[in-house]
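In what follows, a single structure is set out as structure tokens and then discussed.
The values are calculated or read from the model by the stated rules, or taken from the named source; none is laboratory data. Just so you know, these numbers come straight off a predicted model, no measurement behind them. Here the Cβ positions follow ideal geometry from the backbone for every residue, glycine too, while neighbour counts run over all protein chains shown.
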Amino acid sequence: MGNRTPLFDTHQALGAKIVDFGGWDMPLHYGSQIDEHHVVRQQAGMFDVSHMAVVDISGSDAQSYLEYLLGNDVGRLKAAGKALYSLMLNPDGGVIDDLIVYLLGDNRYRLVVNCGTAAKDLAWMQQQAAGFAVAITPRPDLAIIAVQGPQAMARVKSVASADAAAAIDGLQNFSATTVGSWFIARTGYTGEDGLELIVPGTEAVALWQQLLDAGVKPVGLGARDTLRLEAGMNLYGNDMDESVSPLEANLGWTIAWEPTERNFIGRAALQAQRDAGVSQKLVGLVMEAKGVLRAHQQVSSTTASGTGEITSGTFSPTLGFSIALARVPVEFSGAALVDIRGKAVPVNIVKPCFVRHGQAVINQN
């Protein structure tokens, strides 16, 4: 038996297929992964993401500590509630984890990190805190429910207090606010608009039921993966890890090079790689022929030497054909071939984003 969120019994009552995910017993789907995918693109779906770890950082050195710990610069967060996507890097520039950091107030921050790396992340954060006046506080008492889709905001407002509904109306993308016991963030992992609600674990079951009654459909991890892949969002452990730098994972935009005097972990290694030029890049692949692109399939080019590898692949329910992310030599562009069970199948190399807000956004790379 793995770890369980406060909603585990609720998932079972809804007929969820339970699988192990990073040491947690989580719902893969509730009957039809395809239907769940479409409901997020067209209406509103909700995910239990309480397996992800919430860590609060406070203390007089909280900002300077995070400026050192993270590749992006928390100094850019000027107002309480603002959020930043960042990577936590090792000294070689490899990705320890990706996360979102929120500014809660003066010298107070909230990080949300991946479940499979949570123990490693926490140990690393504590190790790097030497010499900084900071408190690192894991929050296992909290649960997270993500509500995503074009109707997500309206459905959440329908079950929220008047104050929370008003706050949601004024919430900008990648911002958060606290109303009562709710921490409400306008963030997500689907390429759709929506909210992530961080609430006390003791309130999660009641909130889930309220959202069900408001017409929000439960969605499992299977559709969460196809949604994030359509949106071109990296999955830690597939598309990046400690052996891969942000510059090789289409995440160079998360590195804040300015101010030049900010010395963050991994900066020297990334600067050297940047100066020398990377040999690999993360691209998108589309395959309109029959078949499904899968991780670890080999990619070759019709115009350049070398080989690459698919890091994530799936059938896209929105587009009706197969898509993938792949790490390939920087010379690759245009047409390519993927080895599927010994057969070279043609694909097109595109920018690594396929769907946004329910619409195709495929552009040649």
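Just wondering, is there one or more residues in the range 110-131 that are touching a residue at least 24 places away in the same chain (Cβ under 8 Å), of a type outside the set (D, E, K, R) and on the phi > 0 side of the Ramachandran plot?
Scanning the range 110-131 turns up no residue that is touching a residue at least 24 places away in the same chain (Cβ under 8 Å), of a type outside the set (D, E, K, R) and on the phi > 0 side of the Ramachandran plot.
Does Asn173 satisfy being of a type outside the set (Gly, Ala, Ser), in a loop (DSSP other than H, G, I, E, B), outside the structural domain of Trp208 (by TED's automatic domain parsing) and under 18 Å from the mean Cα position of the chain (by Cα)?
For Asn173, the condition - of a type outside the set (Gly, Ala, Ser), in a loop (DSSP other than H, G, I, E, B), outside the structural domain of Trp208 (by TED's automatic domain parsing) and under 18 Å from the mean Cα position of the chain (by Cα) - is not met.
Considering each residue of the range 112-157, count those that are within 20 Å of the chain's Cα centre (by Cα), part of a helix (DSSP H, G or I) and farther than 20 Å from Met88 by Cβ, and give that number.
2
Determine whether Gly59 is at pLDDT below 95 and over 19 Å from the mean Cα position of the chain (by Cα).
no
Counting only residues that are in contact with a strand residue (DSSP E or B) (Cβ under 8 Å, 6 or more places away or on another chain) and part of a helix (DSSP H, G or I), which one in the range 223-240 is farthest from Asn114 (Cα to Cα)?
The residue in question is Glu230.
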